[in-house]
Amino acid sequence: QVQLVESGGGLVQAGGSLSLSCAASGTIFSINAMRWFRQTPGKQRDLVATISRSGNTDYADSVKGRFTVSRDNAKNTVYLQMNNLKPEDTAVYYCNAAVNYISAWGQGTRVTVSS
């Protein structure tokens, strides 16, 4: 059974930075695209950033230039560096990965940005 476990959320003031990580564990043969989503109460889960196995990245317009996604394939881990955080970045952040060709989700980590 595969698990994704996020860490690194918390409370930060506007303009500050946080770094999230998400580690996959279990019986893993392959991990393709890894993604970060975020969700606020009553809203759909939105895609924030994507990184392919080869390292190609893509970002939502709202975070371009502020967030950086990276991965360490040897550690089965994806990261999200978030800089210049804004109150509207407040959400629960979830990682998602195509592990063994099956979509897997983490449990979420809360990020709160105060103004």
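Restricting attention to the stretch 19-51 and to residues that are charged (D, E, K, R) and closer than 13 Å to A91 by Cβ, the residue that is least open to solvent (accessible area, probe 1.4 Å) turns out to be R38.
I want to confirm something. Restricting to the stretch 26-48 and keeping residues that are assigned to a strand (DSSP E or B) and among the aliphatic types (A, V, I, L, M), which single residue is nearest to M82 (Cα to Cα)? Selected residue: V48. For the stretch 17-25, the criterion of being at pLDDT 95 or above and not in a strand (DSSP E or B) is met by at least one residue. The test for being within 17 Å of L4 (Cα to Cα) and open to solvent by 60 Å² or more (accessible area, probe 1.4 Å) does not hold for R71. Are any residues in the stretch 2-18 of a type in the set (A, V, I, L, M, F, W, C), open to solvent by 30 Å² or more (accessible area, probe 1.4 Å) and closer than 18 Å to M34 by Cα, and if so, which ones? Those that are of a type in the set (A, V, I, L, M, F, W, C), open to solvent by 30 Å² or more (accessible area, probe 1.4 Å) and closer than 18 Å to M34 by Cα: V2, V5.
Do we find that Y94 is open to solvent by 40 Å² or more (accessible area, probe 1.4 Å), in a strand (DSSP E or B), closer than 15 Å to V5 by Cα and modelled with pLDDT of 95 or more in this structure? Criteria not met by Y94. Criterion applied to A49, A97, A74, A14 was being among the hydrophobic types (A, V, I, L, M, F, W, C) and free of Cβ contacts under 8 Å to residues at least 12 places away in the same chain, and the one residue passing it is A74.
The values are calculated or read from the model by the stated rules, or taken from the named source; none is laboratory data. This is a predicted model, so every value here is computed, not measured. Heads up, the Cβs are rebuilt from the backbone with ideal geometry, glycines too, and the neighbour counts pull from every protein chain shown. The protein model used for the area step is the full one, side chains on, heavy atoms only, and it has no ligands, DNA or RNA in it. Shrake-Rupley method; radii C 1.70, N 1.55, O 1.52, S 1.80 Å.
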